1. Looking only at the range 189-196, decide whether some residue is within 18 Å of residue 45 (Cβ to Cβ) and outside any strand (DSSP E or B).
2. Does residue 82 meet the test of being under 13 Å from residue 124 (Cα atoms), surrounded by fewer than 16 Cβ atoms within 10 Å (Cβ to Cβ) and at pLDDT below 80?
3. Give me the pairs, please: first residue somewhere in the range 203-218 and farther than 16 Å from residue 138 by Cα, second residue anywhere and among the aliphatic types (A, V, I, L, M) and assigned to a loop (DSSP other than H, G, I, E, B), beta-carbon distance under 6 Å, and either six or more positions apart or on two chains.
4. Please go through the range 148-188 and give me each residue that is within 14 Å of residue 129 (Cα to Cα), in a loop (DSSP other than H, G, I, E, B) and either modelled with pLDDT under 65 or among the acidic types (Asp, Glu) (or both), ordered by number.
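The values are calculated or read from the model by the stated rules, or taken from the named source; none is laboratory data. No experiment lies behind these values; they were computed from the predicted model shown. Cβ placement follows ideal geometry from the backbone for every residue including glycine, while neighbour counts extend to all protein chains displayed.
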Amino acid sequence: MNFSMRGTMTGAVSVAIVLAISAVSAPAQKKSRTQDAARHASEAAKTFTEIMNVRDKAIPKELLDKAEAIAVFPGVIKAAFIVGGRGGQGIISKRVRRGWSAPAFFNLSGGSFGAQIGAQKNDYVFLIMNEEGVKGLLEDKFEMGGEAGVVAGPVGREVAASTNTTLDAGILSYSRSKGAFIGAALKGAVISPDNDLNEAVYGMKATEVLTGKPMTLSKMPPSVRILPRTLTRYSVR
């Protein structure tokens, strides 16, 4: 066998090995991404339920019923040593007839400068109050406090839900850290679609998930149904 033929055979074997590895790893990668989606959905549903079950300190139902979409970002890590930053993953579900849409996956990031040190985990909930706010979120990168007005959302039953500030805001922002749940305007943070995960779960991007034909619960991937079901328990219109 000459060197040319040996080289051709070696190359063919190498290609076959690569193809075989790819064929085996692709299903494994998809399974891993599906597990990621299930974990994010479960954590978001748990966080939202815990917040809504805090007596006299939950998001007012009047505001919840007005929201066009809800975003939940559990366990966002905020760390700082002179230069600060935050990062986490979350889910956004849009209101549909008699319930909520299949949840789309997003990332939250941001940075700040100043004399700061330390690290903590925060849970964030955003009520997107109008279509402009929803439209902004569906851009490649949406900066909180940019185009859409962002204000700290009121909490508790005694809070009036009809102030001009609340009605004019595109997004109401809430934060929970170490058990305390408060309205907190999170400005400067950037929300962007995690389309690698959206495509792994749905075969489509975040925009298509949230603005396309609504999926019924029966057609929604079982791994993510928990969030729309949870939201439906607290608000349907």
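1. Step one: filter the range 189-196 for residues within 18 Å of residue 45 (Cβ to Cβ), giving 194.
Then keep just the ones that are outside any strand (DSSP E or B); that gives 194.
Yes, the range 189-196 contains a residue that is within 18 Å of residue 45 (Cβ to Cβ) and outside any strand (DSSP E or B).
2. Values: under 13 Å from residue 124 (Cα atoms): no; surrounded by fewer than 16 Cβ atoms within 10 Å (Cβ to Cβ): yes; at pLDDT below 80: yes.
For residue 82, the condition - under 13 Å from residue 124 (Cα atoms), surrounded by fewer than 16 Cβ atoms within 10 Å (Cβ to Cβ) and at pLDDT below 80 - is not met.
3. 215/102
4. Step one: list which residues in the range 148-188 are within 14 Å of residue 129 (Cα to Cα), which gives 148-154, 161-174.
Add one more test, that the residue is in a loop (DSSP other than H, G, I, E, B), and what stays is 148-149, 153-154, 161-163, 169-170.
Of everything in the range 148-188, those that are within 14 Å of residue 129 (Cα to Cα), in a loop (DSSP other than H, G, I, E, B) and either modelled with pLDDT under 65 or among the acidic types (Asp, Glu) (or both) turn out to be 148, 161, 162, 163.
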